[in-house]
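What follows is a set of notes on a single structure, which appears directly below.
The values are calculated or read from the model by the stated rules, or taken from the named source; none is laboratory data. A quick note: this is a predicted structure, and the numbers were derived from the prediction, not measured. Counting neighbours? That spans all protein chains shown, and the Cβs are built from the backbone with ideal geometry, glycine included. These accessible areas exclude ligands, DNA and RNA; they are computed on the full protein's heavy atoms, side chains included. Shrake-Rupley method; radii C 1.70, N 1.55, O 1.52, S 1.80 Å.
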Amino acid sequence: MIKVVTLGEIMLRLSTPGFERFVQAESFDAIYGGGEANVAVSLANYGFDTHFVSKLPKHEIGQSAVNALRRYGVNTDYIVRGGDRVGIYYSETGASARPSKVIYDRAKSAIAEAKVEDFDFEEIFKDCKWFHTSGITPAISKNGAEITKAAMKAAKAAGATLSIDLNYRKKLWTPKQAQSVMRELMEYVDVCIGNEEDASLCLGFTPKGLDVNSGKLDVSSYETIFKEMMEEFGFKYVVSSLRESYSASDNGWSAAIYDGKEFYHSRKYDVRIVDRVGGGDSFAAGLITGLLDGKSTKEALEFAVAASALKHTIKGDFNMMSREEVETLVGGDASGRVQR
């Protein structure tokens, strides 16, 4: 089995039932999730030897987060136990013209206050073929940024391929703060994933003439900035998911990739959204899977887009689709007919 490592924060997610607003809710559905943890679950589901690296308290809520990962086959041996808090985020699902909303309560979480010395990165990356993280971890704290950089250096020294999902979060830091940290980390990255907002706010590259809120995208605008990003940072692949937001309930979903030779835009799916949280993470996991499987650039991207299109139909952070189900959609069967 191919060893893959992801590093980040897993949080307790408290969601309002159905489409209720926060001010209506008298109860919350409790599950666990977080960018890199979501990627880990997908990769474990696809059959990789997947390890999640983080820090969680020793108490029962911390253990519940660990158990959520173990349930889906993620190896949790590298999760350091200690600290006081599991980060929390509250989620309200939007509909039609009302957008979804997230409220964070993650300050001073265990991973935010962890130190580089807490982790034995030489052991963690032994025999590791792929390391994935995101821009969320360095955004949560100075310690998180230092841990991310140390992990990247160790993974690169071990010979692993590195991918990052830029994942800009305006509730965690400003564009100036993000660029001062993220641009420095790019020297270690092989595969850079992010949408147009991520590329602009994290790295300073902005496609011209785009208005994602209009529901229309000029895909050709991405080719220019992909080439600029690759020229400056030396990436092997630059990838972006492309979301056309018709409403909170209906999106167009596709992606584009540049491998230094060819720019390719995937098939587009019109998605009726059940839960969009984790959609980008399922895309990243699908891309990693395709590339590790030895698929062509185009085939890997099509697998990633299909996987994430399906994730939008699943409640919760984690993508529960099998390889076979993803491949069926890649093959063209989007009928949704009952499987008997």
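Observations on the structure shown:
- Some residue of the range 25-38 being modelled with pLDDT of 95 or more, farther than 21 Å from F283 by Cβ and open to solvent by less than 10 Å² (accessible area, probe 1.4 Å): no
- Considering the range 39-64, the residues that are in contact with a strand residue (DSSP E or B) (Cβ under 6 Å, 6 or more places away or on another chain) and more than 25 Å from A160 (Cβ to Cβ) include one that is surrounded by the fewest Cβ atoms within 10 Å (Cβ to Cβ), namely K58.
- Residues of the range 176-195 satisfying the condition of being more than 14 Å from Y258 (Cβ to Cβ) and modelled with pLDDT under 95: N195
- Enumeration of residues in the range 94-113 that are closer than 17 Å to M11 by Cβ and among the polar types (S, T, N, Q): S100, S109
- Qualifying residue in the range 174-181 (condition: more than 30 Å from K101 (Cβ to Cβ) and of a type in the set (K, R)): no
- All conditions in (1) more than 22 Å from T93 (Cα to Cα); (2) buried (at least 18 other Cβ atoms within 10 Å of the Cβ); (3) more than 16 Å from the chain's Cα centre (by Cα) hold for N251, with the sole exception of (1).
- Exactly one residue among V189, V181 is touching a strand residue (DSSP E or B) at 6+ places or on another chain (Cβ under 8 Å) and crowded, with 18+ Cβ neighbours inside 10 Å, and that residue is V189.
- Scope the range 116-142; condition open to solvent by less than 80 Å² (accessible area, probe 1.4 Å) and among the acidic types (D, E); matching residues: D118
- Scanning the range 242-273 for residues that are touching a residue at least 60 places away in the same chain (Cβ under 8 Å) and over 14 Å from L310 (Cα atoms) returns S247, A248, S249.
- Sole residue being at positive phi, out of contact with any Phe, Trp or Tyr (no Cβ under 9 Å at 6 or more places or on another chain) and at pLDDT 95 or above, chosen from G234, G209: G234
- Every condition in (1) of a type outside the set (V, I, T); (2) over 19 Å from A145 (Cβ atoms); (3) open to solvent by 50 Å² or more (accessible area, probe 1.4 Å) is met by E113 except one, and the failing one is (2).
- In the range 180-198, the residues that are touching a residue at least 12 places away in the same chain (Cβ under 8 Å) form Cβ pairs under 7 Å with partners that are assigned to a loop (DSSP other than H, G, I, E, B) and among the hydroxyl-bearing types (S, T, Y), at six or more places apart or across chains, as follows: E197/Y168; D198/Y168.
- Residue match in the range 80-98 (condition: outside any helix (DSSP H, G or I), in contact (Cβ under 8 Å) with a residue 60 or more places away in the chain and among the basic types (K, R)): yes
- Residue ranges of strands (runs of 3 or more DSSP E) in the range 246-340 with at least 3 members of a type outside the set (K, R) and within 25 Å of I225 (Cβ to Cβ): 250-258, 263-265
- Selection of helices (runs of 4 or more DSSP H) fully inside the range 131-207 by the criterion of at least 1 residues being under 17 Å from A37 (Cβ atoms) and of a type in the set (S, T, N, Q) returns 136-140, 142-157.
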